[in-house]
């Protein structure tokens, strides 16, 4: 039973990570030729309707084109997905804290974290400063949760990126979209998981 619950939570987080990663790529895609044809608000709306559906953006008639994506279509950029997955997973203790009606235990949270690690984690040079252990301590001691922002993404881009690190309109558009998408996606993920956690109420 515990394994099934942990797997369910892990899949929600994994799908949300995939969807946020796809949203970044689609933002970059429309910034090339479709800037005046596609309202980025529509892209946000479609993604946030169901953050666990990475394929939802195809409903807008958009297809990812590796040539048009440039650096964001290269295997190196897949590292960003693994960092997103990690950055969500380390916040599980905070999400659990916001579900007081749940009896989900820390061992089940750790099981979820371990499953996500098997899916693929990355935190090069510790650019995501949080860890599962530090988040657990902060949550237990009732410390405030750090904001979920794009600081680590900017660090990755300016450390490991090439074309995407250049100062130009397309790259600035991408970073501006990311600044809005990251907290919106995390807030939606947190709300979804709190509801899931609370389904396993007090015994």
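The values are calculated or read from the model by the stated rules, or taken from the named source; none is laboratory data. Predicted model, so just to flag it, every value in this text is computed and none were measured. When we count neighbours, we look across all protein chains shown, and the Cβ atoms used for this are built from the backbone with ideal geometry, even at glycine.
General observations
- Residues that are surrounded by 12 or more Cβ atoms within 10 Å (Cβ to Cβ) and outside any helix (DSSP H, G or I), drawn from region 91-100: 91, 98, 99
- Comparison of 29, 62 shows that the only residue that is more than 23 Å from residue 82 (Cα to Cα), touching a residue at least 24 places away in the same chain (Cβ under 8 Å) and surrounded by 14 or more Cβ atoms within 10 Å (Cβ to Cβ) is 62.
- Being in contact (Cβ under 8 Å) with a residue 24 or more places away in the chain, within 19 Å of residue 194 (Cα to Cα) and not in a loop (DSSP other than H, G, I, E, B) holds for only one residue in 7, 69, 24, and it is 7.
For every residue, the table says whether it meets (1) touching a residue at least 24 places away in the same chain (Cβ under 8 Å); (2) under 21 Å from residue 19 (Cα atoms); (3) within 16 Å of the chain's Cα centre (by Cα).
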position: 122; (1), (2), (3): yes, yes, yes
position: 129; (1), (2), (3): no, no, yes
position: 146; (1), (2), (3): no, no, yes
position: 152; (1), (2), (3): yes, yes, yes
position: 164; (1), (2), (3): yes, yes, no
position: 170; (1), (2), (3): yes, yes, no
position: 174; (1), (2), (3): yes, yes, yes
position: 177; (1), (2), (3): yes, yes, yes
position: 185; (1), (2), (3): yes, yes, yes
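- Candidate set from region 1-20 (those that are modelled with pLDDT of 90 or more and surrounded by fewer than 20 Cβ atoms within 10 Å (Cβ to Cβ)); member that is nearest to residue 58 (Cα to Cα): 18
- Selected residue (only one of 51, 84 is assigned to a loop (DSSP other than H, G, I, E, B), surrounded by 14 or more Cβ atoms within 10 Å (Cβ to Cβ) and modelled with pLDDT of 85 or more): 51
- Failed item, numbered, when residue 142 is tested on (1) out of contact with any helix residue (DSSP H, G or I) (no Cβ under 7 Å at 6 or more places or on another chain); (2) more than 19 Å from residue 190 (Cα to Cα): (2)
- Subset of region 145-182 (residues that are out of contact with any helix residue (DSSP H, G or I) (no Cβ under 8 Å at 6 or more places or on another chain) and closer than 22 Å to residue 47 by Cα): 151, 172, 176, 179
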